[in-house]
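Quick notes on the structure that follows.
The values are calculated or read from the model by the stated rules, or taken from the named source; none is laboratory data. Since the model is a prediction, treat every value here as computed from it, not as a measurement. FYI the Cβ positions are ideal-geometry reconstructions off the backbone, even for glycines, and counts take in every protein chain you see.
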Amino acid sequence: MPSNVLVVDDDREIRKLITIYLENEGIRSVGAETASEAITLLERESFDLVILDIMMPEMNGIEACMRIREERNMPIIMVSAKSADMDKIQGLASGADDYVTKPFHPLELMARVKSQLRRYTKYNDQNRSDTPVIELDGLKINTATRQVMARGREVRLTPKEFDILSLLAKNKGTVMSIRKIYESVWKEDFFKSDSTVMVHITKIREKIELDPKQPIYIKTIWGVGYKI
């Protein structure tokens, strides 16, 4: 069954271009001109990934991403003409899994789409029963169903947040460098100035820790990286 992607952009020509490339890859797509229209479509139909423009009238992409993340964990790729580090950080902090700057090469976007879909499909296979549940003093991580329970309550993580948490949990006690985490989760070369991992760690702590400023699960090893 082909993957289903929601393309949200108020520029009709960009939606059309992305749709053409998705269809060439055998991926079904549905377009939305506004964030409000996208929210409505998500309530009616199941999607495997969302390509979301930031600069849109009425509700912008940041607000839309936060709304989507309240109930859904499919990958979200943000596209924006804003290329500053703080804009990227804001996009990732709102729950996006990737950030692509306009103008972008369509083939690069397709590579990122396929990478996200591969991970999402692989780790959301409900039939996988051979993967153990990792339990860490009140934190339960089910890598088969991608569910996380913290002190008895379910925690909703984005796909990237889950991948980072499960990576650290599987390597409990081992300090993982930022480079190692990034290259293991994103499957891309790490750039020294990239703050992507830090942003995601912050969001994970906000969701699983009683006090994110004094974490008991994910510890920062200054100058090295992170560990559980």
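Before moving on, here are some points about what is shown:
- Boolean, Gly95 is at pLDDT below 90, touching a Ser or Thr at 6+ places or on another chain (Cβ under 6 Å) and buried (at least 20 other Cβ atoms within 10 Å of the Cβ): yes
- Of all the numbered requirements in (1) surrounded by fewer than 16 Cβ atoms within 10 Å (Cβ to Cβ); (2) modelled with pLDDT of 85 or more, Arg128 misses one, and that requirement is (2).
- Out of Ile181, Ile201, Ile218, Ile208, one residue alone is in contact (Cβ under 8 Å) with a residue 12 or more places away in the chain, closer than 21 Å to Asp87 by Cβ and not acidic (Asp, Glu). It is Ile201.
- Among the residues of segment 44-65, those that are within 13 Å of the chain's Cα centre (by Cα) and under 24 Å from Thr145 (Cβ atoms) comprise Asp48, Leu49, Val50, Cys65.
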